Each structure stands twice: as structure tokens, then as C-alpha cells.
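Heads up: the structure comes next, in C-alpha cells.
The values are calculated or read from the model by the stated rules, or taken from the named source; none is laboratory data. What you see is a predicted model, and the numbers here were worked out from it, not measured in a lab. Glycine gets a Cβ as well: all are built from the backbone with ideal geometry, and neighbour counts include every protein chain shown. Accessible surface is based on the protein model in full, side chains and every heavy atom, while ligands, DNA and RNA are left aside. Shrake-Rupley method; radii C 1.70, N 1.55, O 1.52, S 1.80 Å.
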Amino acid sequence: MPYKRITLTHFLLQEQRRLGGSGSFTALMTDIVFACKMISHEVNRGALAGNLGVAGSENVQGEEQKKLDVLANDIFLHMNALGGSYAGMASEEMEDVHAVHGAADGKYLLLFDPLDGSSNIDVNISVGSIFSILKLPEGADAGSKDAFLQPGVKQVAAGYALYGSSTMLVLTTGNGVNGFTLDNNVGMFLLTHPDMTISADTKEFAINASRERFWEPPVKRYIDECRQGKEGPRAKDFNMRWVASMVAEVHRILCRGGVFLYPADSENIKKGGKLRLMYEANPMAFIIEQAGGAATTGRGRMMEVQPTGLHQRVPVILGSKNEVERLGAYHAEYD
Ligand code: AHG
Ligand code: MN
Ligand code: MN
Ligand code: MN
């Protein structure tokens with residue numbers, strides 16, 4: 001790789017210049033990048049820092065919180081080093097929104113899943129952080145949930161950090177998708193994956209197959225056809241992956257294609273599905289669409305869902321465009 005290195009800071013300043021920005025967005029991203037570096041450090045220390053195991057508390061989702069769920073949330077909550085150009089925050093780990101007092105110009109709302117895939121943290125499998133950035137609507141109160149309940153198409157940026165064999169940060173500001181790798185020697189994210197795009201076709205699907213008995217017929221049909229391989233109607237063999245960290249699945253799909261399904265099923269439909277719209281499905285949908293893929297609920301474009309609750313759950317199908325569209329056609333035939 002030529003020695004010319006572009007850091008995430010350079011990239012953000014270039015974006016600011018391109019957009020003629022005031023620097024508020026750059027300040028917000030600087031805080032997010034700092035938070036992700038700190039979380040990467042804490043994740044990497046793991047057992048050495050006593051960071052593994054449960055926190056002994058439950059979150060609004062009814063999940064048993066891991067110590068790193070709570071620590072990562074705290075890091076995001078207190079990262080406001082630059083006098084905050086964001087007016088409010090919402091998190092998987094906090095029931096209510098958090099208004100950022102004294103925000104300099106408070107243009108933005110930050111929503112985040114501070115630690116995604118936390119069931120993997122104690123067994124040293126990749127986890128991540130997911131973030132979504134919305135504009136504070138004119139005259140809205142950043143301390144009220146209503147200001148946050150905007151459809152995914154309103155996002156100004158979305159991204160994730162992946163704490164894997166290397167720590168990466170993947171970002172879209174609506175102008176494509178770029179991936180940066182943390183160089184711990186200089187403490188900077190360096191551009192390593194410019195202009196990430198997803199192939200329209202794939203031979204790899206990701207689903208938690210233990211839930212087959214709950215699946216709706218269109219999902220069952222799709223997965224059965226994939227499993228029939230060359231002998232079946234798809235006339236090609238498929239592979240399956242399931243990491244149980246959405247960030248890791250989405251990153252794999254960005255790198256080599258694939259389709260990810262966490263559908264509504266007869267067991268989770270009561271809650272609307274498993275994954276959360278505001279800080280999992282929408283940010284990932286923005287990234288996937290910006291990379292040329294598709295993201296739906298199975299019955300409609302993810303980013304057009306009008307949110308009704310901060311922790312609302314939705315069915316998620318995303319990835320290689322032709323596969324997502326096939327699943328949409330199967331749902332339409334069935335309904
Ligand atoms: P989180 O750890 O933030 O609660 O999210 C976990 C999510 C997502 O990352 C992953 O794709 C999914 O839960 C895994 O669900 P199962 O454990 O049911 O496979
Ligand atoms: Mn959780
Ligand atoms: Mn998550
Ligand atoms: Mn989480």
C-alpha cells in the first residue's frame with residue numbers, strides 16, 4: 001500500500017470543505033471516533049481489565065447487560081469533549097433520550113448501540129458499536145423522544161466500529177461508504193477500504209437457523225431453496241454464516257456480498273422482530289444502500305419505516321440487492 005495515508009480526520013475535513021460545513025459535524029464525528037477508540041481499548045483488554053461478564057443489571061430491552069454494554073454506553077455518554085455539537089443522544093442501553101446540556105450549537109441527534117453482539121464478548125468473538133446521526137428538527141426539543149422518531153431516510157450519517165482482528169470504522173455521509181482501520185501505533189484510523197460496494201448477487205446467507213420452526217413461509221421457502229444448492233431451483237451452492245454480531249455480518253457482506261436475515265417470526269412477532277430500528281436497522285440500512293445493496297423489512301424499504309418508538313423492533317433483510325429483492329417477491333406472493 002503506497003505510503004500516502006489518509007486519516008479519518010483528513011477525510012472528515014475534506015468532507016467538511018466539500019460540503020462547506022461549519023465544523024459541527026466534524027466535531028461530532030471527532031467525539032464518536034474518540035469513543036470508539038476508547039471502547040476498542042477496553043474490549044481489547046477484556047479479562048485483563050475485569051471487563052468481561054455481566055453487569056448485574058437489565059436494560060429497557062429486558063436483556064441482561066454485560067459490563068462492556070454499560071462501560072461502552074458510559075464512554076459514548078461522556079465523550080462530549082468538544083462542547084458538543086449534538087443536542088441529544090439515544091442508546092440501546094438507556095430507556096429515555098439524553099439531552100446534551102450546554103451543547104454549543106446542538107444541530108444533531110446521535111443514536112447508538114454502544115456494544116453490538118455483546119453475547120459474544122465473553123467468548124472473544126467480534127463485537128462492534130453502531131451509530132446513526134439525525135438533524136435536530138427546527139424548534140424541536142432534543143430532550144423529547146419525538147425529535148428522534150425520524151425515518152431512516154432522514155439520517156445525515158451512519159457508521160459502525162468493528163472490534164475484530166483489527167478495529168475498523170466504516171462510515172457513510174450519504175456519499176458512498178468508506179472503511180478505516182485503526183493503527184494503534186499512531187492512534188489514528190487510516191483509510192484502507194475506499195468506496196466499499198456490495199455485489200448484487202451472492203452465494204452466502206446469514207440467519208439464526210435454530211429459529212426455523214418459527215419462520216414465515218416466504219423465509220422458509222428462500223432458505224430451503226438456498227440449501228438445495230445446485231440440485232435446487234437456485235442452481236448454485238450456498239454457504240451459511242451466523243456470527244450473532246450484526247456489525248460483523250454487515251461488514252462481511254460489505255466486503256464479499258451476502259444476505260442477512262433476522263425476520264419477524266411466530267415467536268418474536270409480538271415484539272415486532274428482534275433488531276432495533278433506530279440504532280441497528282436504520283444505520284445499517286443507510287450503509288448497505290450507499291454501498292449498492294438493499295435493506296427491507298421483507299415487506300418494504302427499511303429507511304421508509306415511520307418510527308413509533310425509540311426502541312422499536314423490526315424484521316431485517318439486507319445485503320446483495322438481487323437476493324433482498326427475491327425475498328421481497330416471495331413475501332409479496334405470500335401476502
Ligand atoms: P446487541 O448485542 O446490541 O443486543 O445486539 C445483538 C443482536 C445483533 O447484533 C445480532 O445479529 C443478533 O442480536 C443475534 O441474535 P441471536 O442471539 O438471536 O442470534
Ligand atoms: Mn443488547
Ligand atoms: Mn445490537
Ligand atoms: Mn448492544
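Here Arg241 sits with roughly 100 square angstrom of accessible surface, probe radius 1.4 Å.
Here the chain is assigned +1 on the Cβ of each Lys and Arg and -1 on the Cβ of each Asp and Glu. Its dipole about the Cα centre then comes out at about 840 debye.
Beyond 16 Å, what share of the Cα-Cα pairs of region 241-335 is found? Please give it as a whole percent.
More than 16 Å apart: 51 percent of the Cα pairs in region 241-335.
With respect to the chain, whose longest principal axis is taken over its alpha-carbon atoms, helix 246-256 is tilted by about 70°. In plain terms, the chain from Val60 to Asn184 could stretch by 41.2 nm, reckoned as 0.36 nm per residue minus the Cα-Cα distance. Ranking Pro218, Met79, Gly179 by how far each Cα lies toward the positive end of the dipole of the chain (charges on Cβ) leaves Gly179 at the top. For the chain, the mean residue ellipticity at 222 nm estimated from helices alone is -8500 deg cm²/dmol, where every DSSP H run of n ≥ 4 contributes -39500 (n - 2.57) and the total is divided by all residues, rounded to the nearest 500. The mean sequence distance of close C-alpha pairs (under 8 Å, at least 6 residues apart), as a share of the length of the chain, puts its relative contact order at 15 percent.
Checking every one of the trypsin sites (Lys or Arg not before Pro) in region 266-324 against DSSP loop status and a limit of 16 other Cβ atoms within 10 Å picks out Arg299.
Measuring how big the chain is from its alpha-carbon positions, Rg and Dmax come out at 19.4, 63 Å.
The length gained on full extension between Gln306 and Ala99, counted as 0.36 nm times the residue separation minus their Cα-Cα distance, comes to 72.3 nm. Spin-label model, Phe34/Arg241: points 7 Å from Cα along the beta carbon direction are separated by 3.4 nm. Protein heavy-atom accessible surface, 1.4 Å probe, per residue over region 12-51: 50 Å². Note on Asn208 and Asn322: the model spin-label points, each 7 Å out from Cα along the C-beta direction, lie 3.0 nm apart.
Identify, among Leu48, Gln65, Phe25, the residue whose Cα sits farthest towards the positive end of the charge dipole of region 1-146, taking +1 on the Cβ of Lys and Arg and -1 on the Cβ of Asp and Glu, with the dipole about the Cα centre. Looking along the dipole axis, the top candidate is Phe25. With the highest mean first, a sort of the peptides 214-227, 86-99 on other beta-carbon atoms found within 10 angstrom per residue produces 86-99, 214-227. How big, in percent, is the set of alpha carbon pairs in region 31-174 lying more than 24 Å apart? It works out to 30 percent of all Cα pairs. Against the chain, whose longest principal axis comes from its Cα atoms, helix 321-334 is set at around 60 degrees. Our estimate of slack between Glu333 and Lys135, defined as 0.36 nm per intervening residue step minus the Cα-Cα distance, is 67.5 nm. For the chain, the longest principal axis of the Cα atoms and the long axis of helix 67-77 meet at an angle of about 50 degrees.
Residues whose amide H lies under 5 Å from that of Met188, counting only those 5 or more places away or on a different chain, are Asp183; hydrogens are built 1.01 Å from N in the peptide plane. With a cut-off of 17 Å on the backbone N, the residues of region 254-293 near the modelled label site 7 Å out from Arg299 along Cα-Cβ are 262-275, 277.
Using the Cα centre as the reference, give the magnitude of the dipole from point charges on the C-beta atoms of region 197-268 (Lys, Arg: +1; Asp, Glu: -1; all else neutral), rounded to the nearest 20 debye.
That gives region 197-268 a dipole magnitude of about 200 debye.
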